[in-house]
Every structure is written in C-alpha cells, then in structure tokens.
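Coordinate-derived values only; no laboratory data. Note that the coordinates shown come from a computational prediction; the quantities given were computed from them, not determined experimentally. Neighbour counts run over all protein chains shown; Cβ positions are idealised from the backbone, glycine included.
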Amino acid sequence: MKLLVMTGDAPAIVAELRRASPPPPDLESVVRAIIDDVRAHGDDAVRAHTRRLDGADLPERYAVPAADLEAALAGLDPDLRAALELAAANIRAYHEREMPVAWRRRLAQGQVVGQEIVPLASAGLYVPGGLADYPSSVLMTAIPAQVAGVGRLVVCSPARGGGGVASGVAAAAALLGIGDVLPVGGAQAIAALAFGTATVPRCDVIVGPGNAYVTEAKRQVMGEVRVDGLAGPSEVLIIADESGRPDWLAADLLAQAEHGAGASAALLDVGGTLVERVVAEVGRLAAELGLDADRVAIVSCADRAAALAVVDAFAPEHLELHTADADALVPLVRNAGAVFVGPLAATAFADYAAGTNHVLPTGGSARFSQGLSVVGFQKRVAVVELDGPAARALARPVAAIAEAEGLRSHARSARLRAD
C-alpha cells in the first residue's frame, strides 16, 4: 500500500494517483485488425476470434436459445432473484425520473420551434465476463434503454467454455425480457454490434464497461455508432474527517480495489487523524479477504478545501463523503460521476441496488461526462413550423445573413416565402 502526504499541490497528488500500468503492447493495431476482420467476414471472424481468445467454439447459430435464458432464470437462487428484482425496480424508478419531454414554443416572429424525443431503434449492451458473472451490469445497461423506449436490446457477453454466457447474465436477460443474447466478448463483440453480422444485429448505440481491448474497440468504432464512453479502471475517492470509521473506510477502499485491472482507491484524510488506523485496517482486511492493496492510497489533507481541490482535479468515478457535514460538501463538488453522502452510503449499494447507475465516467472524464442515463438511448429532433407572417418576418434577416456568407440560393429560398 502507498502512503501519500499532500503538500498543497493537488495536480501532483492527482498525477501520482493516476499513475497507471502501460496499455497492452500494440493495443490499437491488434484491435483494428479484429474490427476489420469482423467487418469483412462477419460471423466467421467472430467465431475465429472467440475460439482464439476465449477458447470457445461457437456453433453456426450461436445466439443463446430463449429456453436457455428461461432455464437460467428458473434456476436462480430465490434470494438472488428477489435481490435482482428489487434492484431492477429501484433502477427503473431512478431512470424514469430522467425522461425528457417533447416541447414547442412560439418565438417573437411567430415561428414555432421545439423538439421531439426519439428513442434509438437498437442498443448493444456489453456485459463483461471472463471468469466472472455480472447480472448487475445487465440491469444497469438494459433498464435505462427500456425506459428510453429502445425497440431492440442486444446483449453481448464473453462465451463460457461450454457455450452460452454466464448463468447470472442469462438469468438477468430473461428477467428483463431480453431475447437477443450472444456469447461473444472482446473487440469482436464491439465490432459485431457496430457493423452487424448475419447473427448479431447492427446497433445504434453500444454501452457497457469492458477491458482495454473493449474500450479501444469502442474508440475505433465511434462515428459508426454512438458509444456511452471510454471506460477505464474503476476508482473511488473518499473524503473523511476524524469522525470516519477506519473499518468502514478500509472495506470501502478495498471494495473498489477488488475490481482489479488497475482499479484504484484513495482516502483523503482531512486533518491526518486517520492514517495509522486505516492503514492497519486495510492491511488486516486485505489479508483476511486475500485482496491486493497495492492500488490503495491515503492522502493526508490539511482541510476540506485541500481535499476538495484533489477531488476537482481527479474527477473521480465515485466520491464518498465520510464527514460530519457531508450534506454541505455536495454543492461544492463539481467533478464526480456519483457522490455518496454520509458514511452509510457506501459505493457498494449503488453498484447493485440503490437505484442509480453504476456505469460511470472514469479516468477523469467526469470533468465533462456523466453516468449512463436514459438520454444516452435517445436523440432530440428539432422541429420548426412557420406560417405566412413568420416567414415574411424572418425572410429579410435570413437573406441578409445568407448573402453575407455567399450562399445565394439560401437567400432566394427565404425570399420566395416572403412573396
């Protein structure tokens, strides 16, 4: 575990916290070759790369049968099914509050302007897998799409050796009524969703977290398809004062580090009163759970302002506030994917069942982006209506601007409506 002492230079602290392992060698070219192959050869390329990278042989028709999805749901432990149903209800309630509405307004010259809200036709949901099983990622990606009104949802998740996808992923898909589930992961899944194959429908948007190859593939297909963002390793910053409980803080730090693959967690210790106790608790809990604490850091901050300066510069995916005045700090936070107010609000609750979405901006992108939401699955279509008086009122100024720009047919088009 590393111990950092803040000296007032927030950028230097952030640079140290963000020091990461180098990306895999030739990442860009490796991913580009896979994308080009899938684009040119469709399902044959998907099968070949799945066999090579995941050790799974996909049959000619490799979509997961509906009967297998229903069997996975029927086979769920009752307590797990109840938990997933509760989580789904909370996530749906949260995202329903985000729904934008169409509108119209008449402006001064008489024209009516407005917007229609149109759901995208299809969404590709990437659910990571490998050795893990993430039904929560199905809920988090699918439910806002359903609330948005997307017509078709397509789940891609890495194939298991015996075929199919992880049982929890299959069960969650069945729980939400999703019938298109493909046992495909990695860059080949992103390429298939972006361009379509005989088996995988072409999608309008691709969402969901993944490894470096998935993220690079999303970067390369942007423009062909909308993507939710370029997710990096998961991260949390925790601001805590002398009221913080060392055992809770250690558990929350290690819960983030538990994501692996470069995940990081840092405690911003206001006043420097918690360092020794939290270091001891992290060491004890890491040994008990068999976790690696190398990506856990503790930063001693002189005061709340110094801690907030680090938060603003770091722009964390998750920010926990373990302070006596946590409510008062929330309006001072500008850059964070999600804020967890008070010591009881552990990130783990929102990872699963609190209701907010766990697909959040990472790597500092919370400076300019936000978590997955309903609007990520919709588009706004501008609407303009003009009657005769409005056209006559606007024709002269429109023609003046068009003439100044050298676009004479634009000017003529407007003037004709004034006659």
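Separation of segment 120-165 from segment 275-325 is 32 Å, based on Cα centroids. Near the amide H of Asp180, within less than 5 Å, lie the amide hydrogens of Val155, all on another chain or at least 5 residues away, with H placed in the peptide plane. Here the relative contact order of the chain, from alpha carbon pairs under 8 Å that lie six or more residues apart, stands at 20 percent. A dipole drawn for segment 94-166 from +1 and -1 charges on Cβ atoms has a positive end, and of Ala108, Gly129, Gly164 the residue lying farthest that way is Ala108. Summary of the geometry: segment 65-103 and segment 220-257, compared by the centres of their Cα atoms, lie 23 Å apart.
Close amide-amide hydrogen proximity is noted between Ile206 and Gly124, Arg226, Val227, Asp228, each under 5 Å apart and 5 or more residues distant or on a separate chain (H modeled in the peptide plane; Pro and chain starts excluded).
Out of these labelled values of percent of Cα pairs over 27 Å apart, (1) 52; (2) 47; (3) 59, which was calculated from the coordinates shown here? This structure yields the entry labelled (3).
Let me check against my output: what whole-number percent is the relative contact order of segment 99-252, with C-alpha pairs under 8 Å and at least 6 apart?
Numbers: 252 pairs, mean separation 31.5, N = 154.
Relative CO of segment 99-252 lands at 20 percent.
What are the ³J(HN,Hα) couplings of segment 371-376, residue after residue, when phi is run through the Karplus curve with 6.51, -1.76, 1.60 and θ = phi - 60°? Round to Hz, x for glycine and proline. These are the phi-based 3J(HN,Hα) values: x, 4, 8, 4, 5, x Hz.
Fewest first, what order do Leu360, Leu53 take by the number of other Cβ atoms within 10 Å? Mind showing how you got there, number by number?
Numbers: Leu360 26, Leu53 16.
Listing Leu360, Leu53 from fewest to most nearby Cβ atoms yields Leu53, Leu360.
With unit charges on the beta carbons (Lys and Arg positive, Asp and Glu negative) and the dipole taken about the Cα centre of the chain, which residue among Thr273, His318, Gly75 sits farthest to the positive side? Positive-most Cα among the choices belongs to His318. For the chain, a Gaussian network of Cα nodes joined below 10 Å ranks Arg245, Arg152, Arg202 by mean-square fluctuation, and the top entry is Arg245. When you restrict to C-alpha pairs under 8 Å that are six or more residues apart and normalise by the size of segment 45-165, the relative contact order lands at 30 percent.
In terms of the Cα gyration tensor, with a ≥ b ≥ c the square roots of its eigenvalues, is segment 27-227 rounded because a/c is under 1.5, prolate because a/b exceeds b/c, or oblate?
Numbers: a/c = 2.37, a/b = 1.30, b/c = 1.82.
Here segment 27-227 falls in the oblate category.
Legend: ranking of residues Phe340, Phe368, Phe195 from fewest to most surrounding C-beta atoms inside 10 Å; resulting order Phe368, Phe195, Phe340. When each full DSSP H helix of the chain is screened for a Cα extent of at least 18 Å along its own axis and an average Kyte-Doolittle hydropathy of at least 1.0, the helices passing are 135-148.
At 0.36 nm per residue, minus the direct Cα-Cα distance, what do Ala280 and Glu98 gain on full extension? Give it in nm, one decimal, please. Kindly include the intermediate steps, with their values, before the conclusion.
Numbers: separation 182, 0.36 × 182 = 65.52 nm, distance 4.23 nm.
In short, 61.3 nm is gained.
Result for the chain in a Gaussian network model with C-alpha springs under 10 Å: among Ala198, Ala56, Ala72, the largest mean-square fluctuation is at Ala198.
Under 5 Å between amide hydrogens, built in the peptide plane, is the criterion, and for Gln378 it picks out Leu120 among residues at least 5 positions away or on other chains. Here the dipole of the chain is about 2000 debye; that uses its Cα centre as origin and unit charges on the Cβ of Lys and Arg (positive) and Asp and Glu (negative). GNM on the chain, alpha-carbon springs under 10 angstrom: the most fluctuating residue among His259, His95, His49 is His259.
Find the centroid of the Cα atoms in segment 388-405 and in segment 6-56, then give the distance between the two in whole Å. Centre-to-centre (Cα) distance: 51 Å.
Sorted ascending by nearby beta carbons within 10 Å, beginning with the fewest, Thr273, Thr141, Thr50 become Thr273, Thr50, Thr141.
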